[in-house]
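Okay, structure first, notes after.
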Amino acid sequence: MIASVSTVAYLGLEARAVEVQCNLVAGLPKFAVVGLPDKAVAESRERVRAAVAAIGLALPPKHIILNLSPADLPKEGSHFDLPIALALLGAMGVVDAEALSGHVVVGELGLDGRIAPSPGVLLAALHAAETGKGLICPAAQGPEAAWAGSVEVIAAPDLIGLLNHLKGSQLLPAPAAGEVEAPGHGPDLRQVKGQETAKRALEIAAAGGHNLLMSGPPGAGKSLLASCLPGILPPLDAAEALGIM
Ligand SMILES: Nc1ncnc2c1ncn2[C@@H]1O[C@H](COP(=O)(O)OP(=O)(O)O)[C@@H](O)[C@H]1O
Ligand SMILES: [Mg+2]
């Protein structure tokens, strides 16, 4: 039986769709990951093997092939562990592969089945929102993923918790969008002595969203004035904060 799970590969600040397909075929027991995996992805075999053992399951004595498609796209990072594990469990018939088809899955696995954070969850969540899917991610990153807005986020602490949630026997709570750390504002406009015209120009630029050109000799206070600008801008809303991420 072939099971497939959606995940993403990160290319700079972009998340590209990747399909993890798992097939179990008769033959000598073997566990192979193909589809241009880098070292961290190839090593996920060992983490997945241990995590599956940790929830009390044995790998089937078959030739296990995991394909990361599209095969010509380089795959980097440890976030492929969880989709690989779920594709494998889907092929073994432990989880319903159909139930997973509406989700993008990212997360690193510990040897004990714990789901550990991996960088880039917000990108994966935004990708899931674009494609109309939900997201399965590490519990620690649920609040970050929830920033993507309209995405159904399942933030699981460990593999067993996730399987129980998928079966419906013990539902995980939906994460709420996390707090945003208020950024340090730099110097206050009050510290600028004199320069009334320049300060007024700064205020008008901040209020109206205009560009600003400062010209003057070195030491005139251009850098100081520019560093005061964030302090008088209105706070960012969620969409703006995501935009300048
Ligand atoms: N109007 C001002 N009020 C208070 N400090 C000033 C003022 N203008 C300049 N300074 C101080 O003088 C130094 C040089 O200013 P800076 O902003 O680096 O100049 P510029 O970028 O125009 O070369 C900084 O330490 C700054 O704090
Ligand atoms: Mg300067």
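The values are calculated or read from the model by the stated rules, or taken from the named source; none is laboratory data. Note that the structure is a prediction, hence the values are computed from the model and not measured. We place every Cβ from the backbone using ideal geometry, glycine too, and count neighbours over all the protein chains shown.
Given Ala116, Ala140, which one is surrounded by fewer than 21 Cβ atoms within 10 Å (Cβ to Cβ), more than 23 Å from Leu68 (Cβ to Cβ) and of a type outside the set (Lys, Arg)?
Values: Ala116 fails: more than 23 Å from Leu68 (Cβ to Cβ).
The unique qualifying residue is Ala140.
What is the residue count in the range 215-245 for residues that are touching a residue at least 40 places away in the same chain (Cβ under 8 Å) and either within 14 Å of Lys199 (Cβ to Cβ) or within 10 Å of ligand 2 (Cβ to nearest atom) (or both)?
The number of residues fulfilling the criteria is 4.
Looking only at residues in the range 52-99 that are aliphatic (A, V, I, L, M) and free of Cβ contacts under 8 Å to residues at least 24 places away in the same chain, which one is nearest to Ala139 (Cα to Cα)?
First pass over the range 52-99, keeping only residues aliphatic (A, V, I, L, M): 52-55, 57-59, 64-66, 68, 71, 73, 82, 84-89, 91-92, 94-95, 97, 99.
Subsequent filtering for residues that are free of Cβ contacts under 8 Å to residues at least 24 places away in the same chain retains 53, 58.
Values: Ala53: 21, Ala58: 25 Å.
The residue in question is Ala53.
Based on this model, can you work out whether Ile84 counts as within 18 Å of Leu159 (Cα to Cα) and either in a strand (DSSP E or B) or of a type in the set (Val, Ile, Thr) (or both)? Spell out the reasoning first.
Details: within 18 Å of Leu159 (Cα to Cα): yes; either in a strand (DSSP E or B) or of a type in the set (Val, Ile, Thr) (or both): yes.
Yes; evaluated as a whole, the condition is true for this residue.
Quick grid of which residues meet (1) in the same structural domain as Trp147 (by TED's automatic domain parsing); (2) modelled with pLDDT of 95 or more; (3) within 9 Å of ligand 1 (Cβ to nearest atom); (4) within 27 Å of Gly149 (Cα to Cα):
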{"site": "Gly194", "(1), (2), (3), (4)": "no, no, yes, no"}
{"site": "Pro218", "(1), (2), (3), (4)": "no, yes, yes, no"}
{"site": "Pro230", "(1), (2), (3), (4)": "no, no, no, yes"}
{"site": "Pro235", "(1), (2), (3), (4)": "no, no, no, yes"}
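Using the structure shown, decide if Leu28 is more than 19 Å from Val105 (Cβ to Cβ) and among the hydrophobic types (A, V, I, L, M, F, W, C). Full working, then the answer.
Values: more than 19 Å from Val105 (Cβ to Cβ): yes; among the hydrophobic types (A, V, I, L, M, F, W, C): yes.
In short, yes.
Quick one: which of Ile136, Ile204 is in a strand (DSSP E or B) and modelled with pLDDT of 95 or more? Working first, answer last.
Values: Ile204 fails: in a strand (DSSP E or B).
Criteria check complete, one pass: Ile136.
If you take the residues in the range 165-190 that are surrounded by 10 or more Cβ atoms within 10 Å (Cβ to Cβ) and assigned to a helix (DSSP H, G or I), which one is modelled with the highest pLDDT?
His165
Rundown of residues vs (1) closer than 14 Å to Leu86 by Cβ; (2) in the same structural domain as Leu111 (by TED's automatic domain parsing); (3) not aliphatic (A, V, I, L, M), yes/no style:
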site	(1), (2), (3)
Leu36	no, yes, no
Lys39	no, yes, yes
Ala42	no, yes, no
Val48	yes, yes, no
Pro61	no, yes, yes
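Hey, among the residues in the range 196-214 that are among the charged types (D, E, K, R) and without any contact (Cβ under 8 Å) to a residue 12 or more places away in the chain, which one's nearest to Pro234 (Cα to Cα)?
Within the range 196-214, the subset among the charged types (D, E, K, R) is 196, 199-200, 203.
After this cut, where a residue has to be without any contact (Cβ under 8 Å) to a residue 12 or more places away in the chain as well, the list is 196, 200.
Details: Glu196: 21, Arg200: 16 Å.
Only one residue tops the list, namely Arg200.
Among residues belonging to the range 70-90 that are buried (at least 19 other Cβ atoms within 10 Å of the Cβ) and either of a type in the set (A, V, I, L, M, F, W, C) or not assigned by TED's automatic domain parsing to the domain that holds Leu159 (or both), point out the one that is nearest to Arg49 (Cα to Cα).
Ala85
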